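**Student:** Before we start, here is the structure in question, set down as structure tokens.
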Amino acid sequence: MERARSSSVARQAGFTVIEMVVSLGVTIVLLVAVLTTFDLNNKVAKVQTNVADMQQSLRVAQDELVRTLRMSGRGGLPLTEPPGFPLPQGVALQITDNVAANQFMLAGDAATRILPGTDVITTRGVFQILYQTNTSGALQLDPPSDNPPSGKVTVLNVTPGGTNQDLSPLIDAITSGRSDAILLASTVDDAVHAVVMLDQATSTVTGTTSVTLGFKVTGSGLAASYGKLSSGGSFPASLRNVAYVGILEEYRYYVREAHAIAGDLTSELAPKLARARFYPGSDTPYLADKDDKNKENARLDLADNILDLQVALAFDSANGGARKDDTDNLGVDDTILETADGKDDDWLFNSTSDKPTDGVWTGAPAPAVQYLRITTLARTDKRDFKYQSPLLTALEDHTYLGSDAANTPVARSYRRRPLRTVIDLRNL
């Protein structure tokens, strides 16, 4: 009896094979569920990281554009200066709409190839300090004439109102030997201005209290380029006294057609929003006349994976009714009209039917510009192979076809986002 009882107890100890198989199966199911959840979370995290990086690129691009474009025309530059600079080849703002293929920001530099179909926007203005002059007859022309070859203007470190102004940017321009563009704004009329070339040889610095800027109106290639930006395209005969002086700058923003393999146009597209700085009104990159390596100023990358840059301008035009038509602030004429298809409204470059040469934009007097709208389109850095973004159809007046490279299955495997900002052109 004792032996039988022991045998029974032994048979009851441990797990049976079936129990082991069942428990192992349950464990495997749980592990698969955990790993699947982990893998899903990992994929979601990667997608969110890529989207966050894309949104950061959009923010960087827009912040740079808004900061600079808002200051367009600062110092008295007009939007346009017919007949030399009508729309869209303006003075304060210049827009190259829907660039054709094989165009370069800098001629002969393949690294500055512009992505076809995108816009290029050029802005000019005094983006640093706008100096007030405070001496009667501060402008000295040599010789005094309606079309002088050279001259001088003096700036003190204290404005007529007694406010200090930092002369160090002017001093640096003189001592560094740069051929900067100098904007001279008239005391009589804000619309009268001249753009001249800084001449270090005739400029003087008196400590930190006074600077006399010598300048050339004619002579060198840069002086000729600058002169075209003056009122009427040459030194104004009525400019005899100067109210404001500043260093005029020019920046151009464009989408650079970069590729995964540099120089290989058949490799995957890796476009970038780029900024180019040129001497105003010229095709010479800033400082490239001093050192050839400064040609890189024509291709400073600001943000990665920017697929498109589009620009539109809002006017107080006759399409929506000009505000001057009545004395109240009511009705369509007192708003900026935009139609669903972009036709016959107050926005230029928001429809393929818009032509900047139409009388509604160029009539006399020309309608006042109100706003500038920039739209940037970005994509993620990496593809999501199980994702297809919606087909691109249009951004402003850039129409996308179903057969375009941007709408191929490979291109659509990237997540894409547009961002639009309206800028108040406070100086125009």
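Just so you know, all these numbers are worked out from the coordinates, no wet-lab data involved. Just so we're clear, the structure is a prediction, and the values are computed from it rather than from any experiment. When we count neighbours, we look across all protein chains shown, and the Cβ atoms used for this are built from the backbone with ideal geometry, even at glycine.
**Student:** First check a/c for region 148-208, with a ≥ b ≥ c the square roots of the eigenvalues of its C-alpha gyration tensor; if it is under 1.5, answer rounded, and if not, answer prolate when a/b is larger than b/c or oblate otherwise. Display every interim value, and only then the final one.
**Tutor:** Numbers: a/c = 2.01, a/b = 1.04, b/c = 1.93.
Oblate.
**Student:** Once each part is reduced to its C-alpha centroid, what is the distance from region 156-227 to region 85-113 in angstrom?
**Tutor:** Their Cα centres are 28 Å away from one another.
**Student:** Which of Ser72, Pro356, Pro143 sits farthest toward the positive end of the charge dipole of the chain, with +1 on the Cβ of Lys and Arg and -1 on the Cβ of Asp and Glu?
**Tutor:** Highest projection toward the positive end goes to Ser72.
**Student:** Turning to a different aspect of this structure: Quick one: grab the alpha carbon gyration tensor of the chain, order the square roots of its eigenvalues as a ≥ b ≥ c, and give me rounded if a/c is under 1.5, else prolate or oblate depending on whether a/b is larger than b/c.
**Tutor:** Values: a/c = 2.95, a/b = 2.22, b/c = 1.33.
Judged from the Cα gyration tensor, the chain comes out prolate (a/c at least 1.5, a/b above b/c).
**Student:** How much mean residue ellipticity at 222 nm does the chain get from its helices, if each DSSP H run of length 4 or more adds -39500 (n - 2.57) and you divide by all residues, to the nearest 500 deg cm²/dmol? Intermediate values should be presented prior to the final figure.
**Tutor:** Numbers: 6 runs with 87 residues, N = 428.
Per the formula, -6500 deg cm²/dmol.
**Student:** Still on this structure: Which whole-number percentage describes the relative contact order of the chain, with Cα contacts under 8 Å and a sequence gap of 6 or more? Before the final figure, lay out the partial values.
**Tutor:** On the way: 902 pairs, mean separation 67.5, N = 428.
16 percent.
**Student:** Additional query: Under a point-charge model restricted to the Cβ atoms of Lys and Arg (+1) and Asp and Glu (-1), what is the dipole moment magnitude of the chain relative to its Cα centre, in debye to the nearest 20?
**Tutor:** Numbers: 40 positive and 50 negative charges, 381 e Å.
Computed charge dipole of the chain: roughly 1840 debye.
**Student:** Run the dipole for region 139-243 about the Cα centre, Lys and Arg Cβ at +1, Asp and Glu Cβ at -1, nothing else charged, and hand back the magnitude in debye, nearest 20. Could you put the intermediate results ahead of the total?
**Tutor:** Working: 5 positive and 8 negative charges, 30 e Å.
It works out to roughly 140 debye.
**Student:** Give, rounded to the nearest 20 debye, the magnitude of the charge dipole that region 182-321 has about its Cα centre when Lys and Arg contribute +1 at Cβ and Asp and Glu contribute -1 at Cβ.
**Tutor:** Roughly 420 debye for region 182-321.
**Student:** On to the next question. Quick check: Cα centre of region 265-326 to Cα centre of region 390-428, how many Å?
**Tutor:** That distance is 17 Å.
**Student:** List the lysines whose Cα lies under 17 Å from the Cα of Lys228, skipping any in the same chain that are fewer than 8 positions away.
**Tutor:** Excluding near neighbours in sequence, the set is Lys216.
**Student:** Still on this structure: Going toward the positive end of the dipole of the chain, with +1 on Lys and Arg Cβ and -1 on Asp and Glu Cβ, which of Thr208, Thr37, Leu401 do you reach last?
**Tutor:** Of the candidates, Thr37 comes out farthest on the positive side.
**Student:** Can you bin region 269-426 into rounded, prolate or oblate? Criterion: square roots of the alpha carbon gyration tensor eigenvalues sorted a ≥ b ≥ c, rounded for a/c under 1.5, prolate for a/b above b/c, oblate for the rest. Please report the intermediate quantities before stating the final value.
**Tutor:** Numbers: a/c = 2.65, a/b = 1.31, b/c = 2.03.
Since a/c reaches 1.5 but b/c is at least a/b, the shape of region 269-426 is classed as oblate.
**Student:** Could you tell me how many degrees, from 0 to 90 and to the nearest 10, lie between the Cα long axis of helix 17-69 and the main elongation axis, the longest principal axis, of the Cα atoms of the chain?
**Tutor:** That works out to roughly 0 degrees.
**Student:** If you don't mind, another one. Please name which of Gln62, Val196, Leu184 has its Cα lying farthest along the dipole of the chain towards the positive end, using unit charges on Cβ (Lys, Arg +1; Asp, Glu -1) and the Cα centre as origin.
**Tutor:** Positive-end residue among those listed: Gln62.
**Student:** Need the list of aspartates and glutamates near Lys386 for cross-linking: C-alpha distance under 18 angstrom, and skip anything on the same chain fewer than eight residues off.
**Tutor:** Straight-line reach from Lys386, under 18 Å: Asp39.
**Student:** I've got another one for you. What aspartates and glutamates does Lys272 reach when the alpha-carbon gap must be under 12 Å and sequence neighbours fewer than 8 apart in one chain are set aside?
**Tutor:** Within the straight-line limit of under 12 Å, Lys272 reaches these aspartates and glutamates: Glu257, Asp301, Asp304, Asp308, Asp381.
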